[in-house]
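The values are calculated or read from the model by the stated rules, or taken from the named source; none is laboratory data. Quick caveat, the model's predicted, so the values are computed rather than measured. Cβ atoms come from the backbone with ideal geometry, glycine included; neighbour counts cover every protein chain shown.
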């Protein structure tokens, strides 16, 4: 069924990948992805790559074995990079529940939207803030040491400034505090942003790092999760600093952010200076329309809608993959991939159909 997967003779080129997305080189749209759920990874690793599956790592040996599978997956399916992120262990209130997909081996976590760890200055003073020096960078270092020739590492801090603040405080408490205690909100954002900036300094020591793709979901179907002016004041000011530091390190700053960001997109482009946008939903704005409006100002990443990937047939996925490549590819600065990520409920055959059709079209 899948004529070209796994790729028999992959020729990854992280430099080409970055050059195409930065508009320095013409070429067929490269593949991009943000996250691939282990439930989808497993049948690909075992069935197509013929490797023994390794579950949740528990020590250095199992971590190495898991990372070997992870590297092989990104390499043999035709990506120019490995996408892996880790981050600071912020204390956040989570609600755990079994995954909706029976074949999944892990739980899903929801953020508590009503009560967080910080709601007052007393909470702020009591909160135990993590340190970048406490993070074990072994997974990222191991990936860099074992990348196949030509591949790079795409990473970031796991979740962004807004996501962490909204999880530490909860969305409800954050919105109330933005009206009643703006100085507290600013202090939490500044503390989280300062820690992420220090974390980035450690990322820039990785010799195979080729791009930052920072996730920070800031919107929902019809707008931003907090008032646009507050989002600009608190969150975008820190994205600006992260982007500037990334550019100083000679790397592109790509942003993954879900939701409707129409109210802040010009600020992201003109003030923050993002180099690319990832995460698109057809019900908000199809990726080809977004590219038509903004594609001269940044790279456009992914866009194959998750509803189509999860509920469509493999033939429908193939047809839309070809449509996006043929529509967005000639405009330049485009990479093909999902509109968001590959969650557990996307059938592996549909995900592979997207990859396989990309290789067919790109030759």
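Checked against the criterion of being in contact with a strand residue (DSSP E or B) (Cβ under 9 Å, 6 or more places away or on another chain) and either in a loop (DSSP other than H, G, I, E, B) or more than 23 Å from residue 310 (Cα to Cα) (or both), the range 44-57 has no qualifying residue.
Tell me whether the range 45-63 contains one or more residues that are on the phi > 0 side of the Ramachandran plot, loosely packed, with under 15 Cβ neighbours inside 10 Å and either out of contact with any helix residue (DSSP H, G or I) (no Cβ under 7 Å at 6 or more places or on another chain) or in contact (Cβ under 8 Å) with a residue 24 or more places away in the chain (or both). The answer is yes; a qualifying residue exists.
Which count do you get for residues in the range 200-227 that are assigned to a loop (DSSP other than H, G, I, E, B) and more than 11 Å from residue 157 (Cα to Cα)? Let's see the steps before the verdict.
Of the residues in the range 200-227, the ones assigned to a loop (DSSP other than H, G, I, E, B) are 204-208, 216-218, 220-223, 225-227.
Within this subset, residues satisfying the condition of being more than 11 Å from residue 157 (Cα to Cα) are 204-208, 217-218, 220-223, 225-227.
Total meeting the criteria: 14.
Could you please find all residues in the range 93-138 being in contact with a strand residue (DSSP E or B) (Cβ under 6 Å, 6 or more places away or on another chain) and at pLDDT 90 or above? Across the range 93-138, there are no qualifying residues.
Among the residues examined, residue 173 qualifies as free of Cβ contacts under 8 Å to residues at least 60 places away in the same chain, crowded, with 20+ Cβ neighbours inside 10 Å and on the phi < 0 side of the Ramachandran plot.
Right, residue 196: in contact with a strand residue (DSSP E or B) (Cβ under 6 Å, 6 or more places away or on another chain) and assigned to a helix (DSSP H, G or I) or not? Give the derivation first.
Details: in contact with a strand residue (DSSP E or B) (Cβ under 6 Å, 6 or more places away or on another chain): yes; assigned to a helix (DSSP H, G or I): yes.
So residue 196 passes the test.
Here residue 246 passes the criteria (1) over 17 Å from residue 190 (Cα atoms); (2) in contact (Cβ under 8 Å) with a residue 60 or more places away in the chain; (3) assigned to a helix (DSSP H, G or I) except the one numbered (2).
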